[in-house]
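Notes follow the structure.
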Amino acid sequence: MLSGLVIVDKPQGWTSHDVVGRVRRLAGTRKVGHAGTLDPMATGVLVVGINRATRLLSYIVGTSKTYTATIRLGQSTVTDDAEGEIVSETIAAAITEEQIRAGAERLTGDILQVPSSVSAIKVAGERSYARVRAGESVTLEARPVTVHEFRVHEVRRERGGRVLDVDVTVRCSSGTYVRALARDLGTDLGVGGHLTALRRTQVGPYDIAAARTLDELAEDFAVLPIAEAARALLPVRELSPDEAVELSFGRKIAPSGRDTVTAAFAPDGSLVALLKDAGPAARPELVFAAHGGSE
C-alpha cells in the first residue's frame, strides 16, 4: 500500500480540498488528507498525507510556516485580501519605507492577533466566513501568535503613489494569518492594507524546493516515504532490535530523555513508532511497524 507525504505546490484558484481530491485520484486511494489549509488565492507548499502517513499530519499542522507575500497599503477590503470588496481607500503617498519597516517590526514577536473575519474559525458552530457571506458582521477574539520574522524587501509606489505595494517574507507560528498582518500593518500606518499575493514556501521542514505541481505529479507521482518524512519532522531515536519489537507490540520502553515526541527507528531504518516519555518509561503514541515487521 502506497504511503507517504506528497509536497504539493498548490496552484492559485484551487482550494486545499480540490488538491486533496486530485491527489486521491493520482494515488488511487481515498485515505488522503492535508496539513494546514491554504486559501484559494494562495500558492505554494501544501503537505498532503497518503494512507498511513495521514497519521503524521497532526504533528505537521502545528509547525511554523514561511510565506512570501505582497501587501497593498492604501486600501482595506472586507476579506483583508484582494478577493474582497474594497471598503476604504486612503492615499498612502506620505508613507515612507522606514515607517513600513518600523510597522513590520511592531508586528514581530509574540503578539495578539484578531483573525480575519473570513477565516475558517467556527463561531457558534458555523464557520466565520460563512456568517460573513450571509451578511453578518463578525469580529473574532484576539489570540496569541508568534511572528518570528516580518521582513520588508521592496516597496513600490503604484497608481501615482496613491497605493504602496510591499513585498515581504513572513515566518510565523501555526495559526497566524498573513492577511491579518497586512490589515494590521495598514491600520498601524493609518492608511489601511490588504494582501494581494501569498505564497507559502515552507511548512516545518518541508520546503518549496521539494514541492511538485499537480501536473508534475501526474507525470511522476513523487512520494516522500514515511520514515524519511518523520526523520525530517521530529527528533530521532535509534532503537535496539529488542526495543523495536517491544514498541511494535505497543509496549513501553526506557525513556528517551526528551520532553517532545520522538520518531523511533528500527536498526533497518524503518519507522517503528512515535514516542513520548511518560514518567519512568517512553510510551508509543503511534505505532507504524506491526509486531516487529519493517514498515
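The values are calculated or read from the model by the stated rules, or taken from the named source; none is laboratory data. Computed from a predicted model, the values in this text were never measured in an experiment. Glycine gets a Cβ as well: all are built from the backbone with ideal geometry, and neighbour counts include every protein chain shown. Quick note on the areas: whole protein, heavy atoms, side chains included, nothing else; ligands and nucleic acids left out. Shrake-Rupley method; radii C 1.70, N 1.55, O 1.52, S 1.80 Å.
Worth a mention:
- A273 vs. criteria small (G, A, S) and in a strand (DSSP E or B): yes
- M41, sole failed condition from (1) of a type in the set (A, V, I, L, M); (2) in a loop (DSSP other than H, G, I, E, B); (3) within 16 Å of A222 (Cα to Cα): (3)
- Considering each residue of the stretch 252-269 in turn, none proves to be under 30 Å from R106 (Cα atoms), part of a loop (DSSP other than H, G, I, E, B) and in contact with a helix residue (DSSP H, G or I) (Cβ under 6 Å, 6 or more places away or on another chain).
- Residue within the stretch 16-36 that is hydroxyl-bearing (S, T, Y), closer than 24 Å to D80 by Cα, in a loop (DSSP other than H, G, I, E, B) and in contact (Cβ under 8 Å) with a residue 12 or more places away in the chain present: no
- Lone qualifier among S58, S64, S76 - being of a type outside the set (A, V, I, L, M) and free of Cβ contacts under 8 Å to residues at least 60 places away in the same chain: S58
- Of the candidates G84, G74, G62, the single residue that is modelled with pLDDT of 95 or more, out of contact with any Cys (no Cβ under 8 Å at 6 or more places or on another chain) and not aliphatic (A, V, I, L, M) is G74.
- Hits in the stretch 227-255 (condition: within 29 Å of V48 (Cβ to Cβ) and more than 22 Å from the chain's Cα centre (by Cα)): V236, R237, E238, L239, A244, L247, S248, G250
- The listed residues are A69, A82, A102, and the only one of them that is under 28 Å from T146 (Cα atoms), surrounded by 20 or more Cβ atoms within 10 Å (Cβ to Cβ) and of a type in the set (A, V, I, L, M) turns out to be A69.
- Residue check for T90: within 23 Å of E154 (Cβ to Cβ), in contact with a helix residue (DSSP H, G or I) (Cβ under 9 Å, 6 or more places away or on another chain) and open to solvent by 50 Å² or more (accessible area, probe 1.4 Å): yes
- Residues satisfying the stated conditions in the stretch 105-114, i.e. aliphatic (A, V, I, L, M) and open to solvent by 40 Å² or more (accessible area, probe 1.4 Å): L112, V114
- Reported count of residues in the stretch 207-226, each being under 30 Å from I253 (Cα atoms) and either in a loop (DSSP other than H, G, I, E, B) or out of contact with any Phe, Trp or Tyr (no Cβ under 7 Å at 6 or more places or on another chain) (or both), is 2.
- The single condition among (1) farther than 30 Å from R156 by Cα; (2) assigned to a strand (DSSP E or B); (3) of a type in the set (G, A, S) that A53 does not satisfy is (2).
- Contacts under 8 angstrom Cβ, first residue in the stretch 242-268 being free of Cβ contacts under 8 Å to residues at least 60 places away in the same chain, partner assigned to a helix (DSSP H, G or I) and open to solvent by 60 Å² or more (accessible area, probe 1.4 Å), 6 or more apart: K252/E246; I253/E246; A263/R231; F265/R231; A266/P241; P267/P241
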